[in-house]
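> The structure follows.
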Amino acid sequence: MLRNLLLLILLSYGTSLLAQSQKEHSGSSKPPSNNDRYEIGKNIKIIDGNAIDALKLIPAVDVDADGVVSYRGNTGVQIFINNRPASQSGEYGPILEQILIDDIEYIDIISNPSARYDADGTGGIINISTFSANLKSSSANILLGTGTNDKYDAGIGLNKQDGKLSLNLGYNYKQENRYTSMDANLKNFGEDEPFKNTDQQYYGDNNFEKHNLSLGGQYDFNEKNSLNVAANLVWIDWGRYGDLTTIETIDQGRPDSSSVYNTNVGQKFKVDGRLDYLHTTDREGEELAMSLAFAAGDVDVDKTMGTSEYNNTTATFNNFAFQTDYSRLLGNGLRLETGFKQTYRGKSQGLYVLDYDENTGGYIPNEDRNNIFNYNEHVTAGYAMVSGNKNKFSYQVGVRVEQTFIRSYLESDPSKVYENDYFKIYPSLNLKQGLGEYDNVFFSYSRKVQRPGMRMINPFEDTSNPSYIQQGNPELDATFLDIFEIGYAINKEKFNIKTSLFYKLYTDPARWYTTEENGVMINTVVNMEKSVDAGWEVVGDLTLNDWWSINGNLSIYYNMIDGTNVDESVYQTSYNWNAGLSSNMKLWKGSQFLLTYKYMSPSKNPQGDVKGRYFINASLSQSMMKGQGSLILSVDDVLDTQQYAMTRNQPTFSEDKLYDWESKVVRLTFRYRIGGGNKTTSKQKGSQEQLGGAIFN
């Protein structure tokens, strides 16, 4: 009730501002934005690299070893390139690796996206804007890299323009091997069960080979019409091999020890593409955009759990989206934006299990587990927004409506179909008031949705660890978020600071929840009552002198998880803080030394505690060959401190678990570019000039 009242007040306020602007404002309108813009050469000072390297220099943004991007710790962030979604399937790493620093003009961070964007963009949006002249020039680039413990990278990119037609082609290869380990202690002490103590250790190797091929082109029919085509193909082969040792002790009996060798070998093929058409008119600010996007792929995985079980998992997915957007300037400087989007997501996953039969000495099918799970989702959406500005005040008021249809079922019982249909309204409001030449205050509100992924809803049991079985929940509901942010920002030549208060209310949050059944832990996903994140954040960057700049972020927040609808004991509160600091130094001519520190404080999950963790990354780059080449030496997790440790103490069990992996990696990378470079542009010159001084001349 309180939330609805607040929404009514906010929208009423926005409507009154709209009416006032219609009466008072004149002149052209520019869509207002609370975006944080990071320009290459100004806020992001980097000699060479790709989009991933640039993102790592932005406060509160992180990219892990697998190319997964997170913002404020949320991996639900969406990546756009030139205001278009980079991938329909949500796999951004291979695409980001092929965008070179020389091609990037700036990067926008949209922390609270408006109604224009999909409602399931809960982690915000990162938009990478490239130089159009660069993408239309003739150029070639190569990449060669190696890392400790059998890690290799190679890539080539080609760009060619011929009149109105521009084409680009890229290929990347990556091979890696990493060790992983797990140490766990589990105690079961239910009232009607004997006391059982279980100690487990796992050590294994994860290796993969990844091939990525990208194709793209743009054709400019004339000044008012253009067509853009892009496609991306990914092929991955992987193997995971390891020993799981288990020691069980029941009451004060004799320990029972066992060891199994598990394997997980698979391959994945994925292709996604999009077609974008843009039409502008003679009327200022009027444009029509249409896009068609698709993604399809399949996965095939073979697993063995010692000699007791063999299983094969096959999966296919098909995603499709059609979108049209229209915008124009209205009278009195107002801008109207409206659009429609139709999305379809289809997924099918099959499981075939063979169990070892001691009587026959062979394997027999497990008919109780063999099945196929099908999931289909249709989302029809439309939005409308009005924006404008008057003097130093700008606003953006929008609303998005979405109708979702979900059908899922197991082929063993096709008559039992789970249906989940819902119609929701997602309003958004952005306000900004300039105070002086360099500073402003801002407020934003939006409503979002988190739809569960396949891993959360897949009902098949994962028995890789017989003491700890994981299973999805096909009847899981979506999570809805209300996000508020109010803050102050100042942007000057030598420093930029943004500080804000935020509040996030999660309704029906989906969380992993563990129960005990006959001494075995069953981990599944349930919708809990609600969750809250509320706190304060500050981000900024500072140029100390002509050879040294720093940037950082600090977030202090309160977290509450209420799962009393599932279990009366599931109610957790905690105060957490995360911090990051990056130092960028020029040691001598053509060099760049980067040092990054990140810290995550202890936190709580619905049933336990997660220990704090930190890591430090470092890299040294040297420009060579008259600026066309560069050599980069980097060290991930310099102190080898990355681990994940958690504890849980529940009425019938307790658990301590520690995950470790090969996070400390030393890499040497060489990049070379021929033609088409943007080194001569004012933006890139600014980057070199701002790093113009050096500690050692």
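> For residue 77, which sequence-distant residues (separation of 5 or more, or a different chain) have an amide H within less than 5 Å of its own amide H, given hydrogens modelled in the peptide plane?
Amide H to amide H, under 5 Å and 5 or more residues apart or across chains, residue 77 pairs with 71, 123.
> Under 5 Å between amide H atoms, partner at least 5 residues away or on a different chain: which partners does residue 99 have, H built in plane at 1.01 Å?
Answer set, sorted by chain and number: 51.
> Also, I was wondering about something else. If the label point is 7 Å along Cα→Cβ of residue 330, which residues in the stretch 414-454 have backbone nitrogen under 16 Å from it?
What the label zone holds, given the 16 Å backbone N cut-off, is 428-430.
> Go through 235, 378, 144 and say which Cα lies farthest out towards the positive end of the charge dipole of the chain; charges sit on Cβ, +1 for Lys and Arg, -1 for Asp and Glu.
Working it through, the farthest residue towards the positive pole turns out to be 144.
> Oh, and also: How much length would be gained if the chain were fully extended between residue 597 and residue 193, taking 0.36 nm per residue of separation minus their Cα-Cα distance, in nm to one decimal? Kindly include the intermediate steps, with their values, before the conclusion.
Working: separation 404, 0.36 × 404 = 145.44 nm, distance 4.68 nm.
So the chain would gain 140.8 nm between residue 597 and residue 193.
> Another question, if that's okay. Would you grab the residues whose amide H sits under 5 Å from the one on residue 106? Only those 5+ places off in sequence or on another chain, please, with H modelled 1.01 Å from N.
Under 5 Å from the amide H of residue 106 lie the amide H atoms of 40, 129, each far enough along the sequence or on another chain.
> Using θ = phi - 60° and the Karplus relation 6.51 cos²θ - 1.76 cosθ + 1.60, list the HN-Hα couplings for the stretch 354-371 in order, rounded to whole Hz, with x at every Gly or Pro.
10, 9, 6, 10, 5, 5, 9, x, x, 10, 10, x, 9, 5, 6, 10, 5, 6
> Quick check: residue separation of residue 412 and residue 575 times 0.36 nm, minus the Cα distance between them. What number comes out in nm?
54.0 nm
> Decide, for the stretch 33-103, between rounded, prolate and oblate: order the square roots of the alpha carbon gyration tensor eigenvalues as a ≥ b ≥ c, take rounded if a/c falls under 1.5, and otherwise choose prolate if a/b is larger than b/c, else oblate.
Values: a/c = 1.36, a/b = 1.22, b/c = 1.11.
Rounded, since a/c falls under 1.5.
> By count of other Cβ within 10 Å, fewest leading, how are 610, 570 ordered?
Taking fewest neighbouring Cβ atoms as first place, the list is 610, 570.
> What FRET efficiency comes out for residue 477 versus residue 369 if R0 is 30 angstrom and r is the Cβ-Cβ distance? Round to the nearest 0.05.
On the way: r = 26 Å, r/R0 = 0.85.
The value I calculate is 0.70.
> Which whole-Hz ³J(HN,Hα) couplings does the stretch 635-652 yield from phi under the Karplus relation 6.51 cos²θ - 1.76 cosθ + 1.60, θ = phi - 60°, glycine and proline marked x?
Taking θ as phi minus 60°, the curve returns 10, 8, 6, 3, 8, 6, 10, 6, 8, 10, 10, 9, 9, 9, 10, 10, x, 10 Hz for the stretch 635-652.
> Using the Karplus curve 6.51 cos²θ - 1.76 cosθ + 1.60 with θ = phi - 60°, what ³J(HN,Hα) values do you get for each residue of the stretch 70-87, in whole Hz, with x for Gly and Pro?
So the Karplus estimates, Gly and Pro as x, are 10, 10, 6, x, 9, 7, x, 5, 9, 9, 10, 10, 6, 6, 10, x, 6, 8 Hz.
> Ok, one more. Ordered by packing density, taken as the mean number of other Cβ atoms within 10 Å over each peptide's residues, highest first, how do 70-77, 115-122 rank?
Ranking, from highest mean packing down: 115-122, 70-77.
> Turning to a different aspect of this structure: Say R0 is 30 Å: what FRET efficiency, to the nearest 0.05, do residue 419 and residue 312 get from their beta-carbon distance? Show your work: numbers first, answer last.
Numbers: r = 30 Å, r/R0 = 0.99.
Rounded to the nearest 0.05, the efficiency is 0.50.
> Using the alpha-carbon atoms, what tilt in degrees (0 to 90, nearest 10) does helix 2-24 show relative to the longest principal axis of the chain?
10
Every read-out reported here was derived from the displayed coordinates using simple, explicitly stated rules and does not represent laboratory data. Everything numeric in this text was worked out from a predicted model, so none of it was measured. Positions of Cβ are backbone-derived with ideal geometry, glycine not excepted, and every protein chain shown enters the neighbour counts.
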